[in-house]
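Below: one structure, written as structure tokens.
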Amino acid sequence: MNNYKYFEQDGEKYHLKAQFVFLAFLGGIFLIGGLVLAFTIGATDKANRWVGYIMAVLGALVFLRVTAKTTIDMQSRQVLVKRNFLSAEVAYSLDNFETFLVARTVSLFGITMNGTASMILNIGGKEKNLMLNQSVFTVAPLNHMVNEALQIMKIED
């Protein structure tokens, strides 16, 4: 049995580990910042209050992302994606797999501000992007995660 850093193996199923710390930090900043803005600083100004409400809702949505699950099932050759505990699980065939994409957003000073790793599928001639993970300031962990996924999918070592 292989020891993977980004996936947990359960027989022929490989579950992508959740990014609890990153998502909890990001969600907490937006939720707390939004509530503080809505009920203290911006309580006297209607526009600030609405910005606070929107920030708090975005923070709650980021917390929902903690409950997302992505599984590579090599027995049925599918990727199973559940966006959060409120949504249904969707299965995508690995036969539709094209490539992985690791993208980053770079600031004016050359600093990587955000990185995302996505799985690109071609379903009936249409491109479908499945976002797997995100990072801040570096894309190296995303590259390692993609390498593990490629190894699991037996595409390359």
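Values quoted throughout were computed directly from the atomic coordinates according to the rules given, and no laboratory measurement underlies them. Small disclaimer: the values here were computed from a predicted structure and weren't measured. Ideal geometry is used to build each Cβ from the backbone, glycine not excepted, and the neighbour counts take in all protein chains shown.
Above 20 Å, the calculated P(r) of the chain contains 58 percent of its Cα-Cα pairs. Over all other residues within a Cβ to Cβ distance under 12 Å of residue 123, the charged ones net out to -1, with Lys and Arg as +1 and Asp and Glu as -1. Projected onto the charge dipole of the chain (+1 at Lys/Arg Cβ, -1 at Asp/Glu Cβ, origin at the Cα centre), which of 58, 23, 80 gives the Cα projection farthest towards the positive end? Checked the options; the winner is 58. What residue among 62, 79, 136 shows peak mean-square fluctuation when the chain is described by a Gaussian network model with Cα springs under 10 Å? Its mean-square fluctuation being the largest, the pick is 136. Within the stretch 84-135, the percentage of alpha carbon pairs spaced more than 17 angstrom apart rounds to 51%. Net charge of the neighbourhood of residue 87, taken over other residues with C-beta under 13 Å away and scored Lys/Arg +1, Asp/Glu -1, is +3. Convex hull volume of the Cα atoms of the stretch 1-82, normalised per residue: 73 Å³. To the nearest ten degrees, helix 46-65 and the longest principal axis of the Cα atoms of the chain are 20 degrees apart. Between 106, 57, 81, the Gaussian network model of the chain with springs among Cα atoms under 10 angstrom shows the greatest mean-square fluctuation at 106.
Show me 18-26, 66-74, 40-48 ranked by packing, highest mean number of other Cβ atoms within 10 Å first. Before the final figure, lay out each step's value.
Values: 18-26: 14.6, 66-74: 17.0, 40-48: 11.7.
So the order, starting with the most tightly packed, is 66-74, 18-26, 40-48.
Given R₀ = 22 Å, what would the calculated FRET efficiency be for residue 126 paired with residue 77, taking r from the Cβ atoms and rounding to 0.05? Efficiency computed from Cβ-Cβ geometry: 0.65.
Net charge within 14 Å of residue 52 by Cβ-Cβ distance, Lys/Arg positive one each and Asp/Glu negative one each, not counting residue 52 itself?
Spelling it out: positives minus negatives among the neighbours equals +1.
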